[in-house]
Structures are given as structure tokens and as C-alpha cells.
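Undergrad: Have a look at this one.
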Amino acid sequence: MLALVTRPREDSEAVARALETRGLTVMIEPLLDIEPATGTSVDGGGIQGILVTSGNGIRALARLLPDRSLPVWAVGESSARIARELGYATVTSADGDVEALAALVIERVDPAGGALLHPAGTVTAGDLAGRLAARGFDIRRQTLYRATTATALSPGLVAAMTGGTIDLALFFSPRTAATFARLILAAGQAATLAGTVGYALSANVETELAGLPWRALRRAEQPTQAALLAVIDHDLERGFIR
């Protein structure tokens with residue numbers, strides 16, 4: 001069985017390995033290209049911790065700020081794992097979305113302890129800064145990378161879709177899902193999804209995919225990679241995926 005993973009390439013590697021251990025063949029089609037910001041520096045003065053809403057954000061910060069002693073509060077386990085792999089000593093995951101991260105910070109962090117640094121891209125989901133600023137936090141959002149959306153599906157993916165060989169497709173962000181929906185319609189390939197099961201990380205991701213003619217569209221119970229893989233495991237066990 002062939003699984004399509006649509007995350008940026010660096011983010012796709014871990015989930016690809018997880019799928020391969022389940023006996024699946026993986027096709028990686030990055031629908032976002034990550035470009036580091038140029039001429040950027042980071043001042044860690046007065047910072048009590050780091051807010052991480054994407055793996056790309058903490059990777060970009062790690063290249064610019066050598067201090068690994070600052071505590072990290074991450075939106076989910078995937079970004080938390082990346083922070084740990086980069087050497088950050090104290091990492092806590094909200095195991096959810098931006099709202100869950102905001103709730104975690106409000107519960108555990110004292111606004112008087114210093115500012116919180118949020119390494120981010122040019123586009124972010126949700127209003128983390130606004131939510132926390134309303135509770136007295138000083139949020140320093142710094143743009144450290146740009147995520148550029150693909151302008152067309154690759155010839156390899158179009159060929160796989162035309163041949164009806166993609167059994168399942170995974171989507172981890174609303175932006176990636178919206179890009180896929182737009183490009184598949186532009187390529188005239190939407191009908192090929194009749195044999196494909198789509199898997200969405202969250203309700204927001206599912207909404208962007210809902211207009212396509214999937215064989216079925218499934219959603220994780222929680223917005224985590226582990227929860228999404230659990231849905232796939234369930235479907236594999238019951239033979240739902242062909």
C-alpha cells in the first residue's frame with residue numbers, strides 16, 4: 001500500500017519511518033518549502049522561555065541562538081521531540097493546538113518572569129500572542145523562516161494518482177491541506193481520490209479537505225501525530241485500507 005505524506009521534507013521523515021514500520025510504502029510530496037530568513041539575529045536577553053508552534057520554528061531558532069537552557073513549551077509532541085533532539089533540556093508539550101498551548105502557559109508560567117520568545121514563520125495559525133497578551137504575557141514573535149506553498153503537483157504524484165496507486169494520504173496543517181485541494185483541482189485529478197482514504201490531523205485540516213471526493217476522510221481524535229497514526233492502525237487492523 002502506498003501512503004502520501006504532504007509535510008515539508010524535514011518534517012516528513014519521522015512520520016515516513018513510522019508508516020514504513022507498518023509495512024506501507026511512502027511517497028513524500030512537500031507542499032511547503034521552508035526558507036530560513038536571511039540577515040536575522042535573535043536576542044535572548046530578558047527571555048524566560050520559548051514558545052514552539054512548529055518544528056521549523058525551533059530548528060530556525062536553534063541555528064541562531066546557542067542557548068539550550070531556556071525552557072520550551074511546545075504545541076505538540078512532534079515539535080517537542082524536535083526541540084529535545086536539538087538539545088533543549090526542559091521541554092513540555094501541550095499535546096494539542098495553539099489553544100492548548102496557550103492554556104498550558106497560562107497555567108504554568110508567571111508573566112512577571114520575563115518575555116516569551118515565539119520563533120515563527122511569516123504565516124501562523126491561531127492567535128497565540130493575542131491570547132497570552134490578554135493575560136499579561138510579553139510575547140516576542142520573531143519571523144525566522146518563510147513557508148512557500150507549491151505551485152503544482154509533481155509529475156510523480158500526478159502519475160501515481162492517475163494510476164490509482166495512492167491508498168492513503170496524510171495532512172498535518174490547514175495550509176498544506178488547502179494547497180493540496182487547490183492543486184489537485186487545478187490538475188484535474190480530483191476524481192482519482194475515489195480510491196484514497198484521507199487522514200486529517202485536526203478539524204481545521206479536515207475542513208480544507210472536505211470538498212474532495214475521497215473514498216473516506218478520517219480525522220485524529222487529538223491533533224497529534226500519534227493520534228493520527230492510531231486511526232491508521234485501526235483502519236489497517238480492520239482491513240479498511242485496501
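Since every read-out is calculated from the coordinates, none of them should be taken as a lab result. All figures in this text were calculated on a predicted structure; none of them were measured in a lab. Every residue, glycine among them, receives a Cβ derived from its backbone with ideal geometry; neighbour counts consider all protein chains shown.
Undergrad: Using the Karplus equation 6.51 cos²θ - 1.76 cosθ + 1.60 (θ = phi - 60°), what ³J(HN,Hα) coupling, rounded to whole Hz, does each residue of the stretch 17-32 give in order, writing x for Gly and Pro?
TA: Each residue's phi maps through the Karplus curve to give 4, 5, 5, 5, 5, 8, x, 9, 8, 10, 10, 9, 10, x, 9, 10 Hz.
Undergrad: By how many degrees, 0 to 90 and rounded to 10, does the Cα axis of helix 55-64 deviate from the longest principal axis of the chain?
TA: Its long axis makes an angle of about 40 degrees.
Undergrad: Any chance you could list the semi-axes, whole Å, largest first, of the equivalent ellipsoid that the Cα gyration tensor gives for the stretch 35-146, using √(5λ)?
TA: Over the Cα atoms of the stretch 35-146, the semi-axes work out to 19, 15, 14 Å.
Undergrad: Which one of 128, 181, 171 is farthest out on the positive end of the charge dipole of the chain, using unit charges on Cβ (Lys, Arg +1; Asp, Glu -1) and the Cα centre as origin?
TA: My answer, from the dipole projection, is 181.
Undergrad: Counting other Cβ atoms within 10 Å, keep those with at most 16, restrict to DSSP loop, and tell me which trypsin sites (Lys or Arg not before Pro) in the stretch 122-182 are left.
TA: 135
Undergrad: For residue 215 and residue 68 in one chain, what is 0.36 nm times their gap in residues minus the Cα-Cα distance, to one decimal in nm?
TA: 48.4 nm
Undergrad: How compact is the stretch 54-112 by the rule of thumb for globular proteins, expressed as Cα Rg over 2.2 N^0.38 Å?
TA: 1.08
Undergrad: Moving on. Could you give each residue of the stretch 191-208 its phi-based ³J(HN,Hα) in whole Hz, using Karplus coefficients 6.51, -1.76, 1.60 with θ = phi - 60°, and x for Gly or Pro?
TA: My calculation for the stretch 191-208 gives 4, 6, 7, 4, x, 10, 9, x, 10, 10, 5, 8, 5, 5, 5, 4, 4, 5 Hz in order.
Undergrad: List the residues whose amide H sits under 5 Å from the amide H of residue 26, counting only those 5 or more places along or on another chain, with H placed 1.01 Å from N in the peptide plane.
TA: Under 5 Å from the amide H of residue 26: 3.
Undergrad: I'd like the orientation of helix 225-237 relative to the chain: the angle between its Cα long axis and the longest Cα principal axis, in ° from 0 to 90, rounded to 10.
TA: For 225-237 against the chain, the angle is about 20 degrees.
Undergrad: Let me ask something additional. Would you give the gap between the C-alpha center of the stretch 112-184 and the C-alpha center of the stretch 206-229, rounded to a whole Å?
TA: Cα centroid of the stretch 112-184 versus Cα centroid of the stretch 206-229: 16 Å apart.
Undergrad: With +1 assigned to the C-beta of every Lys and Arg and -1 to the C-beta of every Asp and Glu, and no other charges, what is the dipole magnitude of the chain about the Cα centre in debye, to the nearest 20?
TA: I would put it at about 240 debye.
Undergrad: For residue 65, what charge total do you get from the other residues with a beta carbon under 13 Å from its beta carbon, if Lys and Arg give +1 and Asp and Glu give -1?
TA: Counting the neighbours of residue 65, the net charge comes to +2.
Undergrad: Going by alpha carbons, how many degrees (0 to 90, nearest 10) lie between the helix axis of 98-108 and the longest principal axis of the chain?
TA: That works out to roughly 30 degrees.
Undergrad: Using just the alpha carbons, could you tell me how many Å³ per residue the convex hull of the chain encloses?
TA: 118 Å³
Undergrad: Let me ask another. Just to check I understand the Karplus step: with θ = phi - 60° and J = 6.51 cos²θ - 1.76 cosθ + 1.60, what whole-Hz values come out for the stretch 134-143, glycine and proline as x?
TA: Each residue's phi maps through the Karplus curve to give 5, 9, x, 7, 9, 9, 9, 7, 10, 7 Hz.
Undergrad: For residue 91, enumerate residues with amide H under 5 Å from its amide H, sequence gap 5+ or separate chain, H modeled in the peptide plane.
TA: Counting only residues 5 or more places away or on other chains, the set is 72.
Undergrad: Looking at the calculated P(r) for the stretch 154-242, what percent of the C-alpha pair distances fall above 23 Å?
TA: 19 percent
Undergrad: From Cα pairs below 8 angstrom and at least 6 apart in sequence, can you work out the relative contact order of the chain, rounded to a whole percent?
TA: This gives 19 percent for the chain.
Undergrad: Taking the Cα centre of the stretch 131-219 as origin and charging only Cβ (+1 Lys, Arg; -1 Asp, Glu), how large is the dipole, in debye to the nearest 20?
TA: Dipole of the stretch 131-219, to the nearest 20 debye: 420 debye.
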